[in-house]
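Notes to accompany the following structure.
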Amino acid sequence: MTKRERSQSGKRYRIPRRVARILIALSHALVDEPDVLQIKNRNAEFLRRCNMMLAEFQPLVRFSLILGILFFDRCTFLFFGFGLHRFVNLSLPDQKKYIDRWMHSRVSLFCEIIVGIRGLIMTAYFAHRDVWSYLSYDPNKHIEERVALRQRLLESVSSPVSGEEL
Amino acid sequence: MIHQYQDIQKSVSISADVCVVGSGAGGATVAKELREAGYQVVLIEEGGYFDTKDYRTDDTIWSTTHLYRDAGATAIVGKPSIMYAEGRCLGGSTTVNGGMCWRTPEKIMKRWQWEKRMTDFSPQKMDRYFSRAEGIINASPIIPEAINRDSQLLKLGAEKAGYEVRANLRSAKTCVGANMCVMGCPTGAKQSTLQSYIPLYLNNGGEVYTNCRVQRVVTKRGRAIGVDGYFVDPITKKRMHKFKVRSKVVVVSCGAVQTPALLMKSGIKSESKLLGKNLITHPNAKVLAVFDEPVYAWKGVNQGFQITEFFEEGILMAVNFAPPSIAALALPHELPNPMQILKDEFHHMVMGAALIEDTSRGQVRVGPMGTVLPFYNLNSWDFERAVRAVSLLTEVFFKAGARKCYLPFTGMPEIQSIDEIPKIFEKNLKPKDIELMTVHIMGTAQMGGDPKRSVINTHGEFHGVKGLFVADASVFPTSIGVNPQLTIMALATRTAEYIANQFRQYL
C-alpha cells in the first residue's frame with residue numbers, strides 16, 4: 001500500500017459525539033425550524049456540513065472552537081436562572097434565553113465564542129437544499145439558463161441575443 | 001502541465017530558475033510573464049485544482065471548503081473581530097472574487113511616491129503594466145442588460161440622493177450574470193487567473209503543482225535558494241510526500257496573511273521589523289435592505305455599480321448577492337427567528353456593503369502549532385467613518401424604496417425609515433458593536449525605497465535577502481480603497497519584468 005493509499009483510507013476529521021449533540025441542540029434553538037419544513041436526514045446532513053467546515057480549520061482554531069462549545073454547554077451556572085443543568089438539557093425557551101445571555105454578555109470572550117459558534121451553525125444549516133426549497137431559492141435553473149445563453153452568445157456572435165433573454 | 005495530488009507517487013525534487021508560491025493575482029501573473037520570457041518556472045499552489053465543470057453552485061459548503069482557506073471562516077482577532085475570506089485553490093482568490101478591476105487611485109499613488117520613496121509609481125509610468133493586465137483578464141464594462149435588480153436599486157437610490165455612481169469594470173468575457181462569482185464562475189466567463197494567466201502559462205510549457213504546502217523558504221548566505229514543503233492529502237489533511245524546489249529566485253504570493261507568516265516561519269527577518277505589521281483590512285460593513293418588490297438578487301451580474309461620491313473620504317459602496325447561508329449570517333443576531341425572516345424577505349433583500357479605506361493597522365503573528373493569527377483593532381476614526389458609511393448606504397436604500405434596513409450594529413438591529421437614520425448616531429456605538437468582514441487584506445510586507453521603513457524594495461525584492469520577491473497585496477504600503485486585484489497584477493507584472501531583466505545577477 002502506498003503512502004497515498006494509506007492516507008486516503010485514513011479517517012477524515014469527525015466532530016466528537018458530545019460536541020455533535022450540543023451543535024444539534026444549538027441549531028434547533030438558533031433557527032426556529034418551522035414544522036412544515038421536513039429536512040431529509042436533518043441532523044446527519046447538518047453534522048456532515050459542520051464536519052466538512054471544521055476539517056478545514058487550522059488545528060488550534062478548531063480545538064479552541066470545540067473547547068468553546070463545551071464551555072458553552074457546561075457553564076450555565078455562570079448565569080442566574082439555569083441551575084446546574086447543561087445547555088443540552090435545558091428546555092427550548094431556556095436554551096434561547098441562555099444563548100441571549102451569551103450574546104449580550106459584558107465579557108467579550110463570551111460574545112466572541114457564541115458569534116463563532118452561531119456562524120458555523122447558520123452556514124451549515126442554511127446550506128441544506130431542503131432549506132433552500134423552503135425559501136424558494138433555486139439558483140440551478142437560473143444558472144443552467146445562463147450557461148446555455150452564454151454558449152449561444154459565444155457560438156453565434158453574428159446573431160446577437162436580445163436584451164429580453166438576459 | 002498541472003500536477004495534482006493524485007499524480008504524485010513519491011517525493012518531488014525540482015530545479016528551476018524561478019519558484020513561485022501561490023497562484024492568485026500576483027503569483028500567476030509573475031509565473032506567466034517569466035515563463036513567457038523564457039525562464040523555467042515552477043508554480044506551487046496549496047489548494048486543489050477545480051475548473052468550471054467542477055464547481056457546485058448548489059452546495060455552498062462544498063465551495064467554501066474546496067475553494068477557500070479555512071472554509072472561508074477565518075477571523076481577525078480584535079475589536080471588533082473581523083471575518084475574512086481568501087481563496088485557497090488554483091487561481092487563488094481570483095477564483096472566488098467578484099472580478100472588479102480598478103486601477104490604483106491617483107491619490108494613493110501620490111502617497112506612495114511621497115511617503116514611501118516609490119518614485120516610479122506615477123499613473124503614467126504604471127500605465128503599461130495596468131494595460132497589459134487589463135488586456136489579459138479582459139477588464140471591461142458589464143453588458144447593461146445583464147445587470148441585476150439589486151444593482152439597479154443601488155443606482156436609483158444614489159441618483160435620487162444625488163451621489164456619484166460608476167459602472168464597474170470586471171474581468172469577464174461575455175458574462176451573462178449567473179452571479180455565482182464567489183462560488184466559482186459556473187459559465188467560465190469570469191477571467192480569474194485560472195481562465196487567463198494560468199492557461200497562457202501552461203501553453204508556454206509551465207509546470208504547476210497543486211495541494212502542495214510550502215513549509216519554508218530556504219535561504220543561504222542572504223540569498224533565497226528555494227522552498228521546502230510537502231503535499232497535503234485533500235481529504236484527511238495529512239502530510240504526504242515531500243516537495244523540494246531549488247531555484248535562483250523565489251517569489252512568494254500567498255496573500256497578505258500567509259506571505260508574512262511563511263517568511264516568519266522560514267526565519268526571515270526584516271531590518272525594519274515591519275514584516276507582518278501594517279495589516280490593513282479594507283473592511284466592509286453590510287446593510288441588508290428589504291424592498292416591497294421582489295428583487296431576486298441572484299439573477300444578474302455581481303456588483304453592477306459602485307457609489308464613488310465619498311471616495312475621497314475613503315468610502316466606497318456597492319451591492320453583492322449572498323446565498324441563504326451567508327445571508328443568515330449577515331442578519332443581526334439579536335433578531336429572533338432568522339428562518340421566518342428569510343422565508344418572508346430573502347427574495348426582497350439587497351445586501352449592500354460599505355467599504356472603508358482604513359487607517360487602523362494590525363499585525364500577523366505565528367502562534368503555537370504554526371497557527372497563523374491576524375490581529376487588528378479598528379481605531380475611532382475608521383469606526384466613525386464605518387458608521388457614517390452605513391448611514392449613507394441606508395439612506396441610498398430608503399431613497400430607492402426600501403421598507404427597512406438591517407444594520408450591522410449590536411443594539412441597533414434595524415431601522416424602518418430614513419427619518420430614523422439620526423438614531424444611529426445617538427446610540428453611542430463603540431467599535432466592538434459593529435460587525436465587519438473583509439476580502440481585501442493588504443500591507444504586511446510593505447514596499448518602499450527605505451529599508452528602515454519597509455520590508456521589500458520598489459521592485460518587490462525583500463530588503464536584505466537576494467532573490468526573494470513578494471508579489472501580492474501584502475506589498476501595498478497603505479490601503480488602496482478599491483478592489484485590489486488589478487493593482488496586484490500590475491505590480492506583479494512590473495516585478496516579473498525586473499526579474500527577467502536582472503536575472504543574470506541571480507545566477
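The single residue among A:M122, A:M103, A:M52 that is under 22 Å from B:L329 (Cβ atoms), in contact with a Leu (Cβ under 7 Å, 6 or more places away or on another chain) and facing chain B (nearest Cβ under 7 Å) turns out to be A:M122.
Considering only residues that are touching a strand residue (DSSP E or B) at 6+ places or on another chain (Cβ under 8 Å) and open to solvent by 20 Å² or more (accessible area, probe 1.4 Å), look in region B:322-354 and name the one that is nearest to the other protein chains (Cβ to nearest Cβ). Quick ask: steps written out before the conclusion?
From region B:322-354, those touching a strand residue (DSSP E or B) at 6+ places or on another chain (Cβ under 8 Å) are B:322, B:327, B:330-332, B:334-335, B:345, B:348-354; that's our starting set.
Of the ones still in play, those that are also open to solvent by 20 Å² or more (accessible area, probe 1.4 Å) are B:330, B:334-335, B:348.
Details: B:A330: 9, B:E334: 7, B:L335: 11, B:H348: 12 Å.
Only one residue tops the list, namely B:E334.
Looking across B:K32, B:K53, one residue alone is more than 18 Å from B:E86 (Cβ to Cβ) and within 13 Å of chain A (Cβ to nearest Cβ). It is B:K53.
Among the residues of region A:91-129, the one identified as in a helix (DSSP H, G or I), hydroxyl-bearing (S, T, Y) and open to solvent by 20 Å² or more (accessible area, probe 1.4 Å) is A:S108.
Looking at this structure, is B:E271 surrounded by fewer than 20 Cβ atoms within 10 Å (Cβ to Cβ) and more than 14 Å from chain A (Cβ to nearest Cβ)?
Details: surrounded by fewer than 20 Cβ atoms within 10 Å (Cβ to Cβ): yes; more than 14 Å from chain A (Cβ to nearest Cβ): yes.
It is true that B:E271 is surrounded by fewer than 20 Cβ atoms within 10 Å (Cβ to Cβ) and more than 14 Å from chain A (Cβ to nearest Cβ).
A count restricted to region A:35-49 and to residues that are within 9 Å of chain B (Cβ to nearest Cβ) and either without any contact (Cβ under 8 Å) to a residue 40 or more places away in the chain or within 12 Å of the chain's Cα centre (by Cα) (or both) stands at 2. Of all residues in region B:413-445, those that are surrounded by fewer than 18 Cβ atoms within 10 Å (Cβ to Cβ) and within 14 Å of another protein chain (Cβ to nearest Cβ) total 4. Among the numbered conditions (1) within 12 Å of the chain's Cα centre (by Cα); (2) more than 10 Å from chain B (Cβ to nearest Cβ); (3) open to solvent by 40 Å² or more (accessible area, probe 1.4 Å), the only one that A:I24 does not meet is (3). Residue under question is B:S247, and the condition is that it be more than 21 Å from B:M447 (Cα to Cα), crowded, with 24+ Cβ neighbours inside 10 Å and either free of Cβ contacts under 8 Å to residues at least 12 places away in the same chain or among the polar types (S, T, N, Q) (or both); does it hold? Yes; evaluated as a whole, the condition is true for this residue.
Looking only at region B:298-312, decide whether some residue is surrounded by fewer than 23 Cβ atoms within 10 Å (Cβ to Cβ) and part of a helix (DSSP H, G or I). So far as region B:298-312 goes, yes, one or more of its residues are surrounded by fewer than 23 Cβ atoms within 10 Å (Cβ to Cβ) and part of a helix (DSSP H, G or I).
Annotation: of all residues in region B:278-297 being in a loop (DSSP other than H, G, I, E, B) and in contact with a Ser or Thr (Cβ under 8 Å, 6 or more places away or on another chain), the one that is surrounded by the most Cβ atoms within 10 Å (Cβ to Cβ) is B:P283. Of all the listed residues (A:L135, A:L109), the sole one being more than 7 Å from chain B (Cβ to nearest Cβ) and more than 14 Å from A:L30 (Cβ to Cβ) is A:L109.
Screening B:I82 against (1) open to solvent by less than 50 Å² (accessible area, probe 1.4 Å); (2) in contact with a Lys or Arg (Cβ under 8 Å, 6 or more places away or on another chain); (3) in contact (Cβ under 8 Å) with a residue 40 or more places away in the chain leaves a single unmet condition, (2).
Return the residues of region B:221-236 that are among the hydrophobic types (A, V, I, L, M, F, W, C) and farther than 17 Å from A:L54 by Cα; say none if nothing qualifies. I'd like the intermediate steps shown before the answer.
As a first pass, look at region B:221-236 and keep what is among the hydrophobic types (A, V, I, L, M, F, W, C): B:224-225, B:227, B:231-232, B:235.
Within region B:221-236, B:A224, B:I225, B:V227, B:F231 qualify.
Of the helices (runs of 4 or more DSSP H) lying entirely inside region B:96-161, those containing at least 3 residues that are assigned by TED's automatic domain parsing to the domain that holds B:V482 are B:106-116, B:123-137. The set of residues from region B:100-125 being open to solvent by 80 Å² or more (accessible area, probe 1.4 Å) and polar (S, T, N, Q) comprises B:T119, B:Q124.
The values are calculated or read from the model by the stated rules, or taken from the named source; none is laboratory data. Just so it is clear, the structure is predicted and the values come from calculations on it, not from any experiment. Note that we place each Cβ from the backbone using ideal geometry, even for glycine, and neighbour counts take in every protein chain shown. These area figures cover heavy atoms from the full protein model, side chains too; ligands, DNA and RNA do not enter into them. Shrake-Rupley method; radii C 1.70, N 1.55, O 1.52, S 1.80 Å.
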